[in-house]
Structure formats: C-alpha cells, structure tokens
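Notes to accompany the following structure.
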Amino acid sequence: MTSLLKTIAMTIAVGVTVWAADPFVGTWKLNPERSKLMAGQRAEASTMVCDVAEGGYRFTSSNPSIPQAVYRLDGKTYPAPANARVAQTLGADEWSSRRLSANAIEAIYFRERRPVGTIRREISSDGRTFTSTHDGVRPSGEKVAYSNVFDKQ
C-alpha cells in the first residue's frame, strides 16, 4: 500500500509541476515600447491573462475592445467568433489553432476556406516575454502586419 501512495503522490506532484511550468499561463502586460504597430495604430494599454481551457488556452484582455479568445490546439477549423477583432479586420469566417512547439502556438484565419491571416503567439526562452505577431490581408487587399509584446507579471 505504501508504494501505491508514493506512486499517487508522485503522479500528482509531476502533474502540478508540468501545469505550473506551462509558459503561456499567467498574466502579461503590454509593453508598447517593444511592440511594432502599423501606421495609424496606437498601443492600447492592456493586461492579458492566459489560462488553460478547452484543450488549449483562454486569453482574456483587460481592454474591453478585445474579446476573450479560446485557442483549441487541435488543428480543427471552427467558425470565427463574430466579435473577434482580427476576424473582423480580415473578413475571416473560420479559424483553427495548433501548437508549434512548447513555446509557440499559431492561429490561422480563413475567408471562404482560403487562409487570409495568422497570429503566432510565442514565449521567449526565459519565459518573461510573450510576443503576438499578426499577419494577414484585409478583404480590400491591404496588408496587416504588427506585433504586440507583453511582459510577464
């Protein structure tokens, strides 16, 4: 019985350690000086919280104009949320997301089943910086390219 209890305790400890070490999970504050915005764009002060949800991550911003997003990292295609700012900007009607590595995930946005943009979210190797890089094309043909850099809180 003692060995069973030790096994259970070790399993719980490893599970908690793996979850706690997830580089995305936590609170991140926008660093406007390090972000690269498009002409006419302004940095909107915000704090983002990332937690584990629905087979991926839930990103919640303190900025009310940025709706909550859930990245299901299964590579399946889902309808783009009507209130998602990037989907509106790109005219996207579907999106999918997947894990690229332990420190990187990517969302791909589609308009009429054709890819029109990506968001790559990556954590630095030291775990202190979160970069969200946005690339795409609006329905008008105008290119969209910018990156937001966040610092771990």
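Throughout, read-outs are computed from the coordinates displayed, never taken from laboratory work. On a predicted model such as this, the values are computed, not experimentally measured, just so you know. FYI the Cβ positions are ideal-geometry reconstructions off the backbone, even for glycines, and counts take in every protein chain you see.
Any idea what angle helix 2-20 forms with the longest principal axis of the chain, computed on alpha-carbon atoms, 0 to 90 degrees, nearest 10?
Its long axis makes an angle of about 20 degrees.
Under the 0.36 nm per residue contour assumption, what length would be gained going from the current alpha-carbon distance of ALA53 and LEU37 to full extension?
On the way: separation 16, 0.36 × 16 = 5.76 nm, distance 2.89 nm.
Gain in length upon complete extension: 2.9 nm.
Between THR27 and GLN153, what is the spin-label point distance in nm, taking each point 7 Å from the Cα along the Cα→C-beta axis?
In this crude label model, THR27 to GLN153 measures out at 0.4 nm.
Which cross-chain or sequence-distant (5 or more) residues have an amide H under 5 Å from the amide H of ALA53, H modelled 1.01 Å from N in plane?
Excluding prolines and chain starts, which carry no amide H, the hits are ARG58.
Looking only at GluC sites (Glu not before Pro) in DSSP loops with at most 10 other Cβ atoms within 10 Å, what is the longest site-free stretch of the chain? Please report the intermediate quantities before stating the final value.
On the way: sites that count: GLU33, GLU112, GLU142.
Maximal segment without exposed cleavage sites: 34-111.
Residue by residue through segment 109-117, which ³J(HN,Hα) values in whole Hz follow from phi under the Karplus form 6.51 cos²θ - 1.76 cosθ + 1.60 (θ = phi - 60°), with glycine and proline marked x?
Result, rounded to whole Hz: 9, 10, 10, 6, 6, 9, x, 10, x.
Work out from phi, with θ = phi - 60° and the Karplus expression 6.51 cos²θ - 1.76 cosθ + 1.60, the ³J(HN,Hα) of each residue of segment 48-55, listed in order in whole Hz, and give x for Gly and Pro.
Per-residue couplings from phi come out as 10, 10, 10, 9, 6, 6, 6, x Hz.
Students often check this: by mean Cβ neighbours within 10 Å, which of 83-92, 21-30 ranks highest, and how do the rest follow?
Going from most to least packed, we get 83-92, 21-30.
Report, to two decimal places, the Cα Rg of the chain normalised by 2.2 N^0.38 Å (N = number of residues).
Details: Rg = 17.7 Å, N = 153, 2.2 N^0.38 = 14.9 Å.
With N residues counted in the chain, Rg over 2.2 N^0.38 Å equals 1.19.
What residues qualify as long-range amide H neighbours of THR77, i.e. H under 5 Å apart, gap of 5 or more or another chain, H built at 1.01 Å from N?
It is none; the list stays empty.
For ARG114 and ARG98, calculate 0.36 nm times their separation in residues minus their Cα-Cα distance, and state this gained length in nm to one decimal.
The span from ARG114 to ARG98 would gain 4.0 nm if fully extended.
Just how many pairs of Lys in the chain have C-alpha atoms closer than 28 Å, counting pairs that are eight or more places apart or on different chains? Kindly include the intermediate steps, with their values, before the conclusion.
Working: LYS29/LYS143; LYS29/LYS152; LYS36/LYS143; LYS36/LYS152; LYS76/LYS143.
Lysine pairs, 8 or more places apart or on different chains, close enough: 5.
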